[in-house]
Number of protein chains: 2
Amino acid sequence: MFSIFDSQMMLRAIELAKRGIYTTAPNPNVGCVITQGDDIVGEGFHFRAGEPHAEVYALRAAGEKACGATAYVTLEPCSHHGRTPPCADALIAAGVSRVVCAMVDPNPKVAGRGIQRMRDAGIQVDVGLMQAQAEALNPGFIKVMKTGLPFVQLKLASSIDGRTALANGQSQWITGAEARADVQVFRAQAGAILSTSQTVLDDNPSLNVRWAQLPETVKSVYQQDDVRQPVRVILDTHRKVSDSATLFSLDGDIIIVTAKDDKPSVNESVTVLTVEQQDGHLNLNSTLRALAAKGIHHIWVEAGATLAGSLLNAGLVDEVIVYQAPKLMGSDSRGLVKLEGLTSMSQVPTFTLTDVTRIGDDVRFRMQKPQPD
Amino acid sequence: MFSIFDSQMMLRAIELAKRGIYTTAPNPNVGCVITQGDDIVGEGFHFRAGEPHAEVYALRAAGEKACGATAYVTLEPCSHHGRTPPCADALIAAGVSRVVCAMVDPNPKVAGRGIQRMRDAGIQVDVGLMQAQAEALNPGFIKVMKTGLPFVQLKLASSIDGRTALANGQSQWITGAEARADVQVFRAQAGAILSTSQTVLDDNPSLNVRWAQLPETVKSVYQQDDVRQPVRVILDTHRKVSDSATLFSLDGDIIIVTAKDDKPSVNESVTVLTVEQQDGHLNLNSTLRALAAKGIHHIWVEAGATLAGSLLNAGLVDEVIVYQAPKLMGSDSRGLVKLEGLTSMSQVPTFTLTDVTRIGDDVRFRMQKPQPD
């Protein structure tokens, strides 16, 4: 069904889709290539919600050459009227004769309807080329559409012996400047940065993306205004965070998740979200579902050992990213993750290492939960 | 002073020297290449204490071609009568006209005397080619000769969050079979494996080299009988280890280091070494000096968090080797290193990462103490 040329074109479409990783949220990253014979006649990718989809850019570039052409799209073209008209209709109208999709759109509003619509119009539609790579473009979008829960990355940073602070609380800086800059890249790709009232009270963090700290590889491709500020989400069960906390004075939206909405929001960029409690804490599953319903598909968690442990215990973490500094801080220092009730090694959360990379003087581990068989 | 050809020949001599890393202790690893014009006419390396030195093997291979030849040696040829006659004399007798040494022998019995002896005999001797690489062949030998203290490698193994056992003591197995096999390679290169009575009482370990677990790259080059069993050193201040511990029933020498020699040794392969106490523990500096005096130049430490911390606190560790498994065991689990009295991040032991390697499902860090400026 697929030729080597098909694979080369889909790979190019995936490359194009990646250009949107800092900008498209909550929309998925999508790339499109249109070919006529052996020639690329149009390329496009989705850049920002509300702006045209990848197919539209590619069709515009192809112009009349789209007639009889093949279109390679990393995600099934949409069939519904959203903020833009359906892309399936645009491909039909342009006279494209074949469409290759890497994957079916998991969005229940699409879910094969775009493909059906094009087939009904006489277009040959082939589905499934480089599906795994296309899925990797949009882990959050796909997880929310399939499960209602967002994709959660848990960021941890410690010494080699897993310590985050001395017994007296001293912790700055365990990891180096390069590791902290690397964190900025992950923050910039997330739909939200999630933390807790405790972290805000302890550290008064900004929890935003700092343009100056992004690597040159990012800054050379984007304008400063292009890069979104992820929504900052603070779990604040009892509304302990003061209105004067630094994060309220910085650009970007904030969601305070609380158990009882008895205080007004701090200002117009702050939304208060009420979630039920469970054992005296916010129900984390409900919290994440509520955030997903607000269009937050991809969450980057930076908090303390307690929230990290609770998320892990609840099975809500998709990827753990650990920065380790070549230091030994000793057993009296503070631990990385609070996990309770472990009595057998078989209960210990075990991950699949997907990447180990030196970042400056430190090392970054990326680990995923093993998939169930 | 040195040509590219000289460097190539010295590199070859260093490669040859490495063949002895499992066998020469307590002698240093040494390699030798003899050339006549552009041709190698003889090669040799030291294989085992009591057997001929590298230069002797190379001279034997060169035969009459040694006359007028150049000899490349990774370490200054010896000038004293040990278990074998002085190599400097052998090179003179063979009529070699130039000797290139990577480094001066730090052994006070040699320390330039071999070089002087050859120069006095009219040989051109050039010193210092690839010295750093040659020094790396014999970290233990060099450190003992210069300081009286052995080269100490501290082996640690933990989860990503720096835990060695659950709160109830369960710990088997944190790291995988590949990491445990890698440990065998380090054990086999060490002059001694050092542990404590506590570890022996808790785990009843063998602390030996298991031929079956060595990698094929080792087994294909050596015969099983070639690979030494490192001396097993047990710190047992109060002679708590029972004579029935497994390690006494296995091949290889054992040294029990104790504070008071009031019990006889278990059997003829067990030596009892008495060392003074300091704050209720064996004085670690004195212990290591006493071991060095017994010809133990390179020590591989496998023990618990207390000894690890004490050695680090005393500044006696040259290299830390940490195996980490992609698991999270939580803050209630047991810590990796006991370090006390840290009140500022500036006091935290910080290392230079020299290597990060995936070993099976785990990751191995190699870290050295930063050298003083």
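The values are calculated or read from the model by the stated rules, or taken from the named source; none is laboratory data. Just so you know, these numbers come straight off a predicted model, no measurement behind them. Positions of Cβ are backbone-derived with ideal geometry, glycine not excepted, and every protein chain shown enters the neighbour counts.
Being β-branched (Val, Ile, Thr) and in contact with an Asp or Glu (Cβ under 6 Å, 6 or more places away or on another chain) is the requirement here; does A:Val33 meet it? Give the steps one after another, and end with the answer.
Values: β-branched (Val, Ile, Thr): yes; in contact with an Asp or Glu (Cβ under 6 Å, 6 or more places away or on another chain): yes.
It is true that A:Val33 is β-branched (Val, Ile, Thr) and in contact with an Asp or Glu (Cβ under 6 Å, 6 or more places away or on another chain).
Please enumerate the residues belonging to the range B:1-48 that are hydroxyl-bearing (Ser, Thr, Tyr) and assigned to a loop (DSSP other than H, G, I, E, B).
Step one: filter the range B:1-48 for residues hydroxyl-bearing (Ser, Thr, Tyr), giving B:3, B:7, B:22-24, B:35.
Passing the criteria: B:Ser3, B:Tyr22, B:Thr23, B:Thr24.
Restricting the search to the range A:75-108, which residues are closer than 20 Å to A:Arg48 by Cβ and of a type in the set (D, E, K, R)? Let's see the steps before the verdict.
Taking the range A:75-108 as the starting set, the residues that turn out to be closer than 20 Å to A:Arg48 by Cβ are A:75, A:77-78, A:80-87, A:90, A:105, A:107.
Residues satisfying the conditions are A:Arg83, A:Asp105.
Do we find a residue being assigned to a helix (DSSP H, G or I), out of contact with any strand residue (DSSP E or B) (no Cβ under 9 Å at 6 or more places or on another chain) and within 18 Å of B:Val110 (Cβ to Cβ) anywhere in the range B:61-72?
Quick first cut of the range B:61-72, residues assigned to a helix (DSSP H, G or I) only: B:61-66.
Still in the running and out of contact with any strand residue (DSSP E or B) (no Cβ under 9 Å at 6 or more places or on another chain): B:64.
Those still in the list that are within 18 Å of B:Val110 (Cβ to Cβ) too: none.
No: the range B:61-72 contains no residue that is assigned to a helix (DSSP H, G or I), out of contact with any strand residue (DSSP E or B) (no Cβ under 9 Å at 6 or more places or on another chain) and within 18 Å of B:Val110 (Cβ to Cβ).
Here is a list of conditions, (1) within 21 Å of the chain's Cα centre (by Cα); (2) within 14 Å of chain B (Cβ to nearest Cβ), and A:Asn107 meets all of them except one; can you say which number that is?
(2)
Can you tell me which residue is nearest to A:Ala305 (Cα to Cα) among those in the range B:332-347 that are surrounded by 22 or more Cβ atoms within 10 Å (Cβ to Cβ) and touching a helix residue (DSSP H, G or I) at 6+ places or on another chain (Cβ under 7 Å)? Reasoning before the result, please.
If we filter the range B:332-347 for residues that are surrounded by 22 or more Cβ atoms within 10 Å (Cβ to Cβ), which is where we start, we get B:333, B:335-337, B:339.
Then drop every residue that is not touching a helix residue (DSSP H, G or I) at 6+ places or on another chain (Cβ under 7 Å), which leaves B:335-337, B:339.
Working: B:Gly335: 15, B:Leu336: 18, B:Val337: 19, B:Leu339: 21 Å.
Step by step, filter the range B:332-347, then rank; the result is B:Gly335.
Given the condition more than 23 Å from the chain's Cα centre (by Cα), of a type in the set (S, T, N, Q) and farther than 20 Å from B:Ser286 by Cα, answer yes or no: does some residue in the range B:138-150 qualify? Can you show your working first?
Taking the range B:138-150 as the starting set, the residues that turn out to be more than 23 Å from the chain's Cα centre (by Cα) are none.
No: the range B:138-150 contains no residue that is more than 23 Å from the chain's Cα centre (by Cα), of a type in the set (S, T, N, Q) and farther than 20 Å from B:Ser286 by Cα.
State yes or no: is A:Val322 touching a Phe, Trp or Tyr at 6+ places or on another chain (Cβ under 6 Å), surrounded by 22 or more Cβ atoms within 10 Å (Cβ to Cβ) and of a type in the set (A, V, I, L, M)?
yes
When A:Glu51 is evaluated against the numbered criteria (1) assigned to a loop (DSSP other than H, G, I, E, B); (2) in contact with a Leu (Cβ under 8 Å, 6 or more places away or on another chain); (3) of a type outside the set (Ser, Thr, Tyr), which criterion, by number, is the only one it fails?
Among (1) assigned to a loop (DSSP other than H, G, I, E, B); (2) in contact with a Leu (Cβ under 8 Å, 6 or more places away or on another chain); (3) of a type outside the set (Ser, Thr, Tyr), the lone unmet condition for A:Glu51 is (2).
Could you give me the residue pairs with C-beta distances under 6 Å whose first residue belongs to the range A:79-93 and is assigned to a helix (DSSP H, G or I), whose second residue is surrounded by fewer than 16 Cβ atoms within 10 Å (Cβ to Cβ) wherever it lies, and which are 6+ apart or on separate chains?
A:Ile92/A:Ala121
Got a number for residues in the range A:230-248 being free of Cβ contacts under 8 Å to residues at least 40 places away in the same chain and of a type in the set (Asp, Glu)?
Final tally of qualifying residues: 1.
Collect the residues in the range B:357-373 that are under 21 Å from the mean Cα position of the chain (by Cα), closer than 21 Å to B:Ala181 by Cβ and surrounded by fewer than 17 Cβ atoms within 10 Å (Cβ to Cβ), keeping them in residue-number order.
B:Thr357, the sole residue that qualifies.
Test B:Ile296 against the stated conditions and say whether it is under 14 Å from B:Phe151 (Cα atoms) and within 13 Å of chain A (Cβ to nearest Cβ).
Against the criterion (under 14 Å from B:Phe151 (Cα atoms) and within 13 Å of chain A (Cβ to nearest Cβ)), B:Ile296 does not qualify.
Using the structure shown, decide if B:Ser310 is on the phi < 0 side of the Ramachandran plot, hydroxyl-bearing (Ser, Thr, Tyr) and surrounded by 24 or more Cβ atoms within 10 Å (Cβ to Cβ).
Values: on the phi < 0 side of the Ramachandran plot: yes; hydroxyl-bearing (Ser, Thr, Tyr): yes; surrounded by 24 or more Cβ atoms within 10 Å (Cβ to Cβ): no.
When the stated conditions are applied, B:Ser310 does not pass them.
Taking the range A:95-132 as the region of interest, how many residues are among the hydrophobic types (A, V, I, L, M, F, W, C) and at pLDDT below 95?
Narrowing the range A:95-132 to residues among the hydrophobic types (A, V, I, L, M, F, W, C): A:96, A:99-104, A:110-111, A:115, A:118, A:121, A:123, A:125, A:127, A:129-130, A:132.
From what is left, the residues that are at pLDDT below 95 are A:110-111.
Number satisfying all stated conditions: 2.
Criterion first (within 29 Å of A:Gly169 (Cα to Cα) and in contact with a Leu (Cβ under 9 Å, 6 or more places away or on another chain)) does A:Val301 satisfy it? Steps first, please.
Numbers: within 29 Å of A:Gly169 (Cα to Cα): yes; in contact with a Leu (Cβ under 9 Å, 6 or more places away or on another chain): yes.
Spelling it out, A:Val301 is indeed within 29 Å of A:Gly169 (Cα to Cα) and in contact with a Leu (Cβ under 9 Å, 6 or more places away or on another chain).
Suppose we keep only residues that are among the β-branched types (Val, Ile, Thr) and within 22 Å of A:Pro215 (Cα to Cα) within the range A:132-179. Which one would you say is nearest to the other protein chains (Cβ to nearest Cβ)?
If we take residues in the range A:132-179 being among the β-branched types (Val, Ile, Thr) and within 22 Å of A:Pro215 (Cα to Cα), then A:Ile174 is nearest to the other protein chains (Cβ to nearest Cβ).
Among the residues of the range B:335-373, what is the count of those that are in contact (Cβ under 8 Å) with a residue 40 or more places away in the chain and not β-branched (Val, Ile, Thr)? Break it down into steps so the answer makes sense when it comes.
Initially, the range B:335-373 is screened for residues in contact (Cβ under 8 Å) with a residue 40 or more places away in the chain, giving B:335-337, B:359-369.
This time we only want the ones that are not β-branched (Val, Ile, Thr), so: B:335-336, B:360-362, B:364-369.
So the count comes out to 11.
Exactly one of these conditions fails for B:Asp89: (1) surrounded by fewer than 24 Cβ atoms within 10 Å (Cβ to Cβ); (2) closer than 30 Å to B:Asn208 by Cβ. Give me its number.
B:Asp89 satisfies all of (1) surrounded by fewer than 24 Cβ atoms within 10 Å (Cβ to Cβ); (2) closer than 30 Å to B:Asn208 by Cβ except (2).
Just the residues that are under 29 Å from B:Val356 (Cβ atoms) and charged (D, E, K, R), please, taken from the range A:136-161. Don't jump to the end; show me each part of the working.
Taking the range A:136-161 first, the residues under 29 Å from B:Val356 (Cβ atoms) are A:136-137, A:139, A:151-161.
The answer is A:Lys155, A:Asp161.
Quick one: which of A:Glu51, A:Glu15 is modelled with pLDDT under 95, out of contact with any Pro (no Cβ under 6 Å at 6 or more places or on another chain) and of a type in the set (Asp, Glu)? Step through it out loud before you land on a result.
Working: A:Glu15 fails: modelled with pLDDT under 95.
None of the other options fit; the residue is A:Glu51.
Specify which of the listed residues (B:Thr357, B:Thr350, B:Thr306, B:Thr271) is touching a strand residue (DSSP E or B) at 6+ places or on another chain (Cβ under 9 Å), polar (S, T, N, Q) and more than 14 Å from every other protein chain (Cβ to nearest Cβ). Steps first, answer last, please.
Numbers: B:Thr357 fails: more than 14 Å from every other protein chain (Cβ to nearest Cβ); B:Thr350 fails: more than 14 Å from every other protein chain (Cβ to nearest Cβ); B:Thr306 fails: more than 14 Å from every other protein chain (Cβ to nearest Cβ).
When all the criteria are applied, what remains is B:Thr271.
Within the range B:316-332, how many residues turn out to be closer than 27 Å to B:Asn168 by Cα and more than 7 Å from every other protein chain (Cβ to nearest Cβ)?
Pass one, the range B:316-332, residues closer than 27 Å to B:Asn168 by Cα: B:320-332.
From what's left, more than 7 Å from every other protein chain (Cβ to nearest Cβ): B:320-321, B:323-325.
Of the residues in the range B:316-332, 5 are closer than 27 Å to B:Asn168 by Cα and more than 7 Å from every other protein chain (Cβ to nearest Cβ).
Hey, among the residues in the range B:333-371 that are farther than 28 Å from A:Asn168 by Cα and not in a strand (DSSP E or B), which one's modelled with the lowest pLDDT?
Going through the range B:333-371, the residues farther than 28 Å from A:Asn168 by Cα turn out to be B:354-364, B:366, B:371.
Next, from what is left, pick out any that are not in a strand (DSSP E or B): B:360-361, B:371.
Working: B:Gly360: 95, B:Asp361: 94, B:Gln371: 70.
Ranking the candidates gives B:Gln371 first.
Which ones in the range B:121-179 are surrounded by fewer than 21 Cβ atoms within 10 Å (Cβ to Cβ), in contact (Cβ under 8 Å) with a residue 40 or more places away in the chain and of a type in the set (Val, Ile, Thr)?
The answer is B:Val127, and nothing else.
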